[in-house]
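Scroll down for the structure; my scribbles are underneath it.
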Amino acid sequence: MDDFVRFTRTWHVWASKGYDTAWGEFEGDRLHARGRALALEGGPYWVGYRLETGPRFVTRSLHVSVEGPGHAKRELALCRDDEGRWTVDGQARAEFDGALDCDLGLCPLTNTMPVRRHGLHLAGEQVPEQQFLMAWVAVPELTVTPSTQTYTPLGGHRVRYSSDGFRSDVEFDSTGLVLDYPGLATTHLGDDGTYRDNGS
């Protein structure tokens, strides 16, 4: 994979009846991105986020702001230091110790870090499943809870995601970005301006 890749990706998020656009870049084994989402289900509400990782795509920080429903406004700062300690709005959260990744609810971008770190989107079925502890951020509430998630390579750029009784066979592109995530989202507009909705 290239050492530097810049991307823009818009997903149609079926689960929220909305859209999510991410602008970012892969720089070696780091990811820098910002995004903006609109959700109609349970809203309307708007989500803005900034994501920074360190080496091996390990989360350093996720800053999220939510406007709505109504006039409500919320902000969240989720950070991980070099010792693996997590804080939520500056408060230590030991239950996330050992986690390498954040997972922003209804945001396809945050599936990229574990997949790209372990090359799961490029692996065949012979590669065993991987289990991860995530710091999962619910939207629009911005509550943060531990989430155990399993990723199983299926070959053909597909990875089976499962957590808490939910399962989906997710298709990724060669850079590790979600193309199609049944039950959640699908790519609506890619870097080349091509529409790619798998439904209506």
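The values are calculated or read from the model by the stated rules, or taken from the named source; none is laboratory data. Here the structure is a predicted model, which means the values were calculated and not measured. With ideal geometry, Cβ positions are generated from the backbone for all residues, glycine too; neighbour counts draw on all protein chains shown.
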For region 81-97 the number of residues that are touching a strand residue (DSSP E or B) at 6+ places or on another chain (Cβ under 6 Å) and over 15 Å from SER147 (Cβ atoms) is 2
Please give the number of the condition ALA33 fails out of (1) more than 18 Å from TRP11 (Cα to Cα); (2) in contact (Cβ under 8 Å) with a residue 60 or more places away in the chain; (3) touching a Gly at 6+ places or on another chain (Cβ under 8 Å). (1)
If we keep just the residues of region 156-178 that are part of a strand (DSSP E or B) and closer than 23 Å to PHE26 by Cβ, which is farthest from the chain's Cα centre (by Cα)? ARG158
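Sort through ALA99, ALA135 and tell me the only one that's in a loop (DSSP other than H, G, I, E, B), under 17 Å from the mean Cα position of the chain (by Cα) and surrounded by 15 or more Cβ atoms within 10 Å (Cβ to Cβ). Even if it seems obvious, please write down each step before you answer.
Details: ALA135 fails: in a loop (DSSP other than H, G, I, E, B).
Of the residues listed, the single one that is in a loop (DSSP other than H, G, I, E, B), under 17 Å from the mean Cα position of the chain (by Cα) and surrounded by 15 or more Cβ atoms within 10 Å (Cβ to Cβ) is ALA99.
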On the basis of being buried (at least 17 other Cβ atoms within 10 Å of the Cβ), on the phi > 0 side of the Ramachandran plot and of a type in the set (Gly, Ala, Ser), does GLY68 make the cut? yes
So, first residue farther than 29 Å from TYR19 by Cα and without any contact (Cβ under 8 Å) to a residue 40 or more places away in the chain in region 85-111, second residue buried (at least 22 other Cβ atoms within 10 Å of the Cβ) and charged (D, E, K, R), Cβ within less than 8 Å, six or more apart or across chains; the pairs are none
Which residue, of GLY90, GLY84, GLY119, GLY124, is surrounded by fewer than 16 Cβ atoms within 10 Å (Cβ to Cβ) and either among the basic types (Lys, Arg) or at pLDDT below 95 (or both)? GLY124
The one condition in (1) touching an Asp or Glu at 6+ places or on another chain (Cβ under 7 Å); (2) surrounded by 17 or more Cβ atoms within 10 Å (Cβ to Cβ) that TYR181 fails to fulfil: (1)
